[in-house]
Amino acid sequence: MKSILDAYSDRTSGSAFQLRCGRHLLDLSFPRVMGILNVTPDSFSDGGQHLALDDALRHAERMLAEGATMIDVGGESTRPGASPVSPQQELDRVAPVIEALVCELDALVSVDTSCPTVMREASELGAGMINDVRALEREGALQAAVGSGLPVCLMHRQGEPHDMQRAPSYEQPIEEAVMEYLARRIAACEAAGLRRNRLIIDPGFGFGKTVEHNLRLLKYLQSLQALELPMLVGMSRKSMIGKVLGRPVEERLSGGLALAAMAVERGASILRVHEVAETVDAVNMAWAVLQEGCELSQNNLLDS
Ligand code: 7PJ
């Protein structure tokens, strides 16, 4: 198991990790912020207020100006208890937004989907990354992802959104269960022709986990560095913050910033968040401590 310091020296030893994301080249030699753009009518934390295309674009533009390196566009709510959507519904929601983000803002777009049709269409429209909370387990998803040529974020979860928070339990320490699951999914990807250098891992905070599971998972997050892949984490506004601090969803920013800084120290490369400006500052501050220097580079974002 690697220590925090080993992980730190790996990332600063000159072997800068670069990920080809369609037209964009993503440099992950320092931590990046991914802004969340939900285009679901029932997204729990922004109430679907970015449903209209214009609103969505303006919101994305603001997140990019605040230092987001990429925008994660999702059309299926994976909030606990959410109802399923058809591929066509999902596509109708995300396609216009992806197209506009790519054409009008030249943004690096990640598509938050488990649906093979949406993966294919999104890559045709110029998306640069696939973010799948089901780690390509849906029928046909692995093949669609391979065919897209895009990098993929594989996330751990237990159960499905409608039942995942019904008394989740694990037979092993949570970080071991997550590690084993991700190792299996990485192997499945490699067997299907998706090379390791196109993979990102994510422990899936809040997906079939109690608050204690989530807290322990963050405490031992650095153990996932053993998989030797870049790590994405999403804790923004999640109920682990609400439960610990007793805060409603709109008052979870400070808690989320504390978690973001801890995740960076434990090796996270991409922070998936709602509040970009504040997170960029928190992440840059944590990173400056790790490297004992203040050359910040959130703005020298992408090379084509
Ligand atoms: C995550 C996600 C996460 C990744 C959501 C929410 C729920 N994708 N999509 N990781 N969470 N990769 O934002 O609260 O944690 S949807």
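The values are calculated or read from the model by the stated rules, or taken from the named source; none is laboratory data. Note that the coordinates shown come from a computational prediction; the quantities given were computed from them, not determined experimentally. Here Cβ is always computed from backbone atoms with ideal geometry, including for glycine, and neighbour counts include all displayed protein chains. Note: accessible area is taken over every heavy atom of the protein model, side chains too, but ligands, DNA and RNA are not part of it. Shrake-Rupley method; radii C 1.70, N 1.55, O 1.52, S 1.80 Å.
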By my count, helices (runs of 4 or more DSSP H) wholly in the range 232-293 with at least 1 residues that are within 25 Å of Phe17 (Cβ to Cβ), hydrophobic (A, V, I, L, M, F, W, C) and in contact with a helix residue (DSSP H, G or I) (Cβ under 7 Å, 6 or more places away or on another chain) are 253-265, 276-291
Exactly one of Gly48, Gly75 is within 14 Å of the ligand (Cβ to nearest atom) and modelled with pLDDT of 90 or more, and that residue is Gly75
Those residues of the range 78-92 that are of a type in the set (D, E, K, R) and more than 14 Å from the ligand (Cβ to nearest atom) come to a total of 1
The residue that is nearest to the ligand (Cβ to nearest atom), considering only those in the range 156-179 that are assigned to a helix (DSSP H, G or I) and under 18 Å from Leu229 (Cα atoms), is Val178
Can we say Leu182 is part of a helix (DSSP H, G or I) and either crowded, with 19+ Cβ neighbours inside 10 Å or of a type outside the set (Phe, Trp, Tyr) (or both)?
yes
Counting only residues in the range 139-154 that are away from the ligand (no atom under 16 Å from the Cβ) and aliphatic (A, V, I, L, M), the one most open to solvent (accessible area, probe 1.4 Å) is identified as Val146
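So that you can scan it fast, the table gives a plain yes or no per residue for (1) within 13 Å of the ligand (Cβ to nearest atom); (2) under 18 Å from Tyr170 (Cβ atoms); (3) open to solvent by 40 Å² or more (accessible area, probe 1.4 Å):
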| position | (1), (2), (3) |
| --- | --- |
| Arg195 | no, no, yes |
| Phe207 | yes, yes, no |
| His213 | no, yes, no |
| Glu228 | no, no, yes |
| Gly234 | yes, no, no |
| Val244 | no, no, yes |
Matching residues in the range 169-208 (within 19 Å of Val273 (Cα to Cα) and in contact with a helix residue (DSSP H, G or I) (Cβ under 8 Å, 6 or more places away or on another chain)) number 5
### Query
Yes or no: Leu136 at pLDDT 95 or above, in contact with a helix residue (DSSP H, G or I) (Cβ under 9 Å, 6 or more places away or on another chain) and within 12 Å of the ligand (Cβ to nearest atom)?
no
